[in-house]
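Derivation of every value follows stated rules applied to the coordinates shown; laboratory data play no part. What you see is a predicted model; the values in this text were computed from it and never measured. Note that we place each Cβ from the backbone using ideal geometry, even for glycine, and neighbour counts take in every protein chain shown.
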Amino acid sequence: MTVQRDTGRLVAAGIGFGEGPRWHNGALWFSDIARGDVCRVVDDPGSEAAIEVVGSVPGSPSGLGWLPDGTLLAVSMHGRAVYRLDGGQARVHADLRDMVPADLNDMVVARDGTGYVTGFGYDAAAGEERAPTGVCLVRPDGTAEMQQGELWRPNGCAVTADGTRLVVAETRIHRISVQRIGAGGRLGPREDLALLPSGTWADGLCLDADDAVWVADPKGHGVFRFLADGTPDRRIDFGDSSPVACVLGGPGRRTLYVTVNPVLVMHEAARDPQGRIVALEVGVPGAGRP
């Protein structure tokens, strides 16, 4: 496995806690969990980008995606719902409170508008015992159902370019899993894809045209690339900072955008916003969603 130091250029700074980066319509979108905002930046390699607040989401936004008609969807972590953002106004698209036992996490929206929403599965702050959970399938009309999976703290997720598989990061057991997408968007049994080293967390992820997975590791301060067979190919070392999520975008989708946060404590991030987004050029373009 090749190891390199973070040599990425700065795209934007002054972020509370950046999560869920997405490349859409020539711009980079992300959630600032600490501030409750969904944001957008136009990447200009010659200067630091200005951050545009698109809207706010009650209960802290995380995963983002778009319906086929262009409507923006955003997960509310603490609200345990998916919101539509129309003209900056947040309206409930899918209320998942009766379906999940703890806060939500990330989301990916497939080409047909089907959303796949991950969640914590248990409330660690309340002292609940660790327990596995599944992914919530949210249809374009807002109806939803829990899927099978036996996933441990599912987090970052992506849909392959052919639309046949969902790839999910399981944070607390530093594992990447895959589930087949069947009729009606329903998910099949969990299968192993890759395992990160001990002492790491698997957080936000994205896919490239070789079916490789880029995954951020905030605990071990790095970003990994795993080949389609699960072999570790590359690791980017971020020193003392914590990369939380990544996405491939830019011209030809050959730019790896990474949200990086110096601290993982939310109230500290809100009080002293030092999060940033960096960009690194890669050889293999992005594929699938996000």
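Which ones in the range 205-258 are over 23 Å from Gln274 (Cα atoms) and among the β-branched types (Val, Ile, Thr)?
If the condition is that a residue be over 23 Å from Gln274 (Cα atoms) and among the β-branched types (Val, Ile, Thr), then Val213, Thr231 are the ones that fit.
Restricted to the range 129-173, and to residues that are hydrophobic (A, V, I, L, M, F, W, C) and over 28 Å from Leu248 (Cα atoms), which residue is surrounded by the most Cβ atoms within 10 Å (Cβ to Cβ)? Show your work before the answer.
Of all residues in the range 129-173, those hydrophobic (A, V, I, L, M, F, W, C) come to 131, 135-138, 144, 146, 151-152, 157-159, 161, 166-169, 173.
Those left that are additionally over 28 Å from Leu248 (Cα atoms): 131, 144, 146.
Working: Ala131: 14, Ala144: 21, Met146: 16.
Of everything passing the filter in the range 129-173, Ala144 is surrounded by the most Cβ atoms within 10 Å (Cβ to Cβ).
Quick one: in the range 258-290, which of the residues that are of a type in the set (Gly, Ala, Ser) and touching a Phe, Trp or Tyr at 6+ places or on another chain (Cβ under 8 Å) is surrounded by the most Cβ atoms within 10 Å (Cβ to Cβ)? Talk me through it step by step, then tell me what you get.
So in the range 258-290, the residues of a type in the set (Gly, Ala, Ser) come out as 269-270, 275, 279, 283, 286-288.
Filter once more, so that each one left must be touching a Phe, Trp or Tyr at 6+ places or on another chain (Cβ under 8 Å): 269-270, 275, 279, 286.
Values: Ala269: 22, Ala270: 15, Gly275: 27, Ala279: 19, Gly286: 25.
The extreme case among them is Gly275.
Strands (runs of 3 or more DSSP E) wholly in the range 162-235 with at least 2 residues that are charged (D, E, K, R) - which ones?
Values: elements: 165-170, 175-181, 187-195, 205-208, 213-217, 222-226.
In the range 162-235, 165-170, 175-181, 187-195 are the strands (runs of 3 or more DSSP E) which contain 2 or more residues that are charged (D, E, K, R).
Any residue at all in the range 240-262 that is out of contact with any helix residue (DSSP H, G or I) (no Cβ under 6 Å at 6 or more places or on another chain) and more than 23 Å from Asp43 (Cα to Cα)? Before the answer, list the steps.
First, the residues of the range 240-262 that are out of contact with any helix residue (DSSP H, G or I) (no Cβ under 6 Å at 6 or more places or on another chain): 240-262.
Among the residues that remain, those that are also more than 23 Å from Asp43 (Cα to Cα) are: 240.
Scanning the range 240-262, I find at least one residue that is out of contact with any helix residue (DSSP H, G or I) (no Cβ under 6 Å at 6 or more places or on another chain) and more than 23 Å from Asp43 (Cα to Cα), so the answer is yes.
Restricting attention to the range 79-90, does a residue exist that is closer than 30 Å to Pro197 by Cα, buried (at least 19 other Cβ atoms within 10 Å of the Cβ) and β-branched (Val, Ile, Thr)? Walk me through how you get there before you give the answer.
From the range 79-90, those closer than 30 Å to Pro197 by Cα are none; that's our starting set.
No; the residues of the range 79-90 include none that is closer than 30 Å to Pro197 by Cα, buried (at least 19 other Cβ atoms within 10 Å of the Cβ) and β-branched (Val, Ile, Thr).
Could you tell me how many of the residues in the range 7-35 are closer than 21 Å to Arg271 by Cα and charged (D, E, K, R)?
Within the range 7-35, residues that are closer than 21 Å to Arg271 by Cα and charged (D, E, K, R) number 3.
Using the structure shown, decide if Ala34 is in a strand (DSSP E or B), crowded, with 17+ Cβ neighbours inside 10 Å, over 14 Å from the mean Cα position of the chain (by Cα) and touching a residue at least 40 places away in the same chain (Cβ under 8 Å).
Numbers: in a strand (DSSP E or B): no; crowded, with 17+ Cβ neighbours inside 10 Å: yes; over 14 Å from the mean Cα position of the chain (by Cα): yes; touching a residue at least 40 places away in the same chain (Cβ under 8 Å): yes.
In short, no.
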